[in-house]
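Bear in mind that the values in this text are calculations on the coordinates, not laboratory data. A quick note: this is a predicted structure, and the numbers were derived from the prediction, not measured. Backbone-built Cβ (ideal geometry, glycine too); neighbour counts: all protein chains shown.
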Amino acid sequence: MNVSFQPYPATLVAIESLHNDVRVFTFDHQQAMTVQPGQFAEIILPGIGGFPVSACGYVTAGTFQACIRRAGRVTSALFRCTIGDCVGVRGPFGNGFHLPDLARKDVLLIAGGLGIAPIRALLQSVVGGAARSVTLFYGARRAAELLFLPELEALAERGSLCLRLAVEEPLEAICSPQRWHSGPVTDLVDALPSSTATLLVAVCGPPQMYAVLLEKLATTGITAAHIFATLERRMRCGVGECGHCVAGGHYVCTEGPVFSLAQLRQMPGAIA
Ligand SMILES: Cc1cc2nc3c(=O)[nH]c(=O)nc-3n(C[C@H](O)[C@H](O)[C@H](O)COP(=O)(O)OP(=O)(O)OC[C@H]3O[C@@H](n4cnc5c(N)ncnc54)[C@H](O)[C@@H]3O)c2cc1C
Ligand code: FES
């Protein structure tokens with residue numbers, strides 16, 4: 001892995017507001033650094049601090065795109081930035097998703113809330129590729145909080161993606177029951193086909209989602225080595241030195257953040 005410990009200067013070239021406190025930021029860093037799906041970078045605001053963030057998609061070489069929720073001090077400072085402002089970007093860090101050979105495989109992506117960010121990056125890399133089918137289960141508390149919905153629906157209309165959406169509020173009568181479900185995204189697993197031998201699954205969501213979802217997936221017959229989840233931990237150095245991110249005896253920043261369920265079962269406490 002080619003990690004840069006020095007921040008690259010990067011210019012903010014686009015800001016798109018998706019929801020109240022969630023925006024997509026695109027940075028032009030003019031370096032040969034590509035943050036692969038599931039990997040992360042650190043965005044540094046000089047004099048303020050930095051924070052880790054996943055790549056949410058690919059624009060062109062020399063750009064980094066991230067979907068960011070305003071959470072606290074540093075992300076709030078980024079939300080005050082405007083086009084043309086300069087930040088630092090360090091990375092890429094972590095392993096990313098390394099799905100085995102996709103030929104004749106069915107890919108199932110599952111995202112909860114802001115977990116759609118790395119899953120969207122992965123979706124962009126698998127749609128139109130060797131996989132036999134690509135399905136996305138995506139859940140949020142309310143329909144208005146589902147991010148990237150127009151582009152996901154456009155992919156589904158083109159037949160490139162089978163899309164199922166789950167929200168925890170009652171549904172309007174106009175929502176198609178084939179696509180929409182009222183309840184947690186974990187319910188959608190109940191509708192998986194009985195033969196799951198060809199399924200590869202990638203999951204990103206809040207910890208409480210993992211506690212139910214990962215073992216539920218395994219009960220459908222999907223092998224634990226074919227279920228991948230990305231862990232989010234408080235990080236400091238990002239390069240395996242400070243020990244801040246250790247979960248179940250493993251460094252999430254360097255060995256992860258993507259782990260298979262087979263690995264997570266050997267990491268006590270890594271998932272709640
Ligand atoms: C590998 C990785 C990938 C990430 N990808 C994204 C992403 O794509 N988009 C995005 O918006 N955020 C992402 N995050 C979370 C992001 O790093 C935090 O929201 C950010 O550090 C908050 O910084 P802050 O200074 O604004 O907030 P702070 O003032 O540091 O914290 C504000 C609040 O956020 C909570 N918080 C901070 N960091 C984390 C964390 N790692 N996990 C859970 N809660 C946290 C704090 O407990 C506090 O309640 C990712 C984190 C990691 C480790
Ligand atoms: S963040 Fe420092 S060891 Fe992982």
(request) State the three equivalent ellipsoid semi-axes of region 126-272, derived from the C-alpha gyration tensor as the square roots of 5 times its eigenvalues, in descending order and whole Å. (result) 29, 18, 16
(message) Please list, ordered by chain and number, the residues whose modelled amide H lies under 5 Å from the amide H of ALA55; skip anything fewer than 5 residues away on the same chain.
(response) GLY38, GLN39, ALA41
(message) At 222 nm, what value in deg cm²/dmol follows for the chain if DSSP H runs of at least 4 each add -39500 (n - 2.57) and the sum is divided by all its residues, to the nearest 500?
(response) -4500 deg cm²/dmol
(message) Quick check for you: which residues of region 6-22 have the amide N under 13 Å from the point 7 Å beyond the Cα of ILE48 toward its beta carbon?
(response) 12
(request) Compute the distribution of all C-alpha to C-alpha distances in the chain, in bins of 5 Å from 0, and list the percent of pairs in each, rounded to whole numbers. (result) 1, 6, 13, 17, 19, 17, 13, 9, 4, 1, 0
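Taking 0.36 nm per residue of separation and subtracting the Cα-Cα distance, what length does fully extending ALA262 through ASP85 add? It would help to have the intermediate numbers written out before the result.
Numbers: separation 177, 0.36 × 177 = 63.72 nm, distance 4.32 nm.
Taking 0.36 nm per residue and subtracting the Cα distance, the gain is 59.4 nm.
When the convex hull of the C-alpha atoms of region 4-162 is computed, what volume per residue in Å³ does it have? Please report the intermediate quantities before stating the final value.
On the way: hull volume 18.0 nm³, N = 159.
Enclosed volume per residue, from the Cα hull, is 113 Å³.
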(message) At R0 = 41 Å, how high is the FRET efficiency between LEU171 and ALA211 if r is their beta carbon distance? Nearest 0.05 is fine.
(response) 0.95
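When the Kirkwood hydrodynamic radius is evaluated over all pairs of different C-alpha atoms of region 181-234, what value in angstrom, to one decimal, is obtained? Could the numbers behind the result be given before it?
Details: mean 1/r = 0.0843 Å⁻¹.
Its Kirkwood hydrodynamic radius stands at 11.9 Å.
Compute the length gained on full extension between VAL59 and SER133: take 0.36 nm times their separation in residues and subtract their Cα-Cα distance, giving the result in nm to one decimal.
Values: separation 74, 0.36 × 74 = 26.64 nm, distance 2.36 nm.
Going from the current span to full extension adds 24.3 nm.
If each residue of separation counts as 0.36 nm, what is the full-extension length gain between ASP190 and ASP101 once their alpha-carbon separation is subtracted?
Extending this stretch completely gives an extra 29.5 nm.
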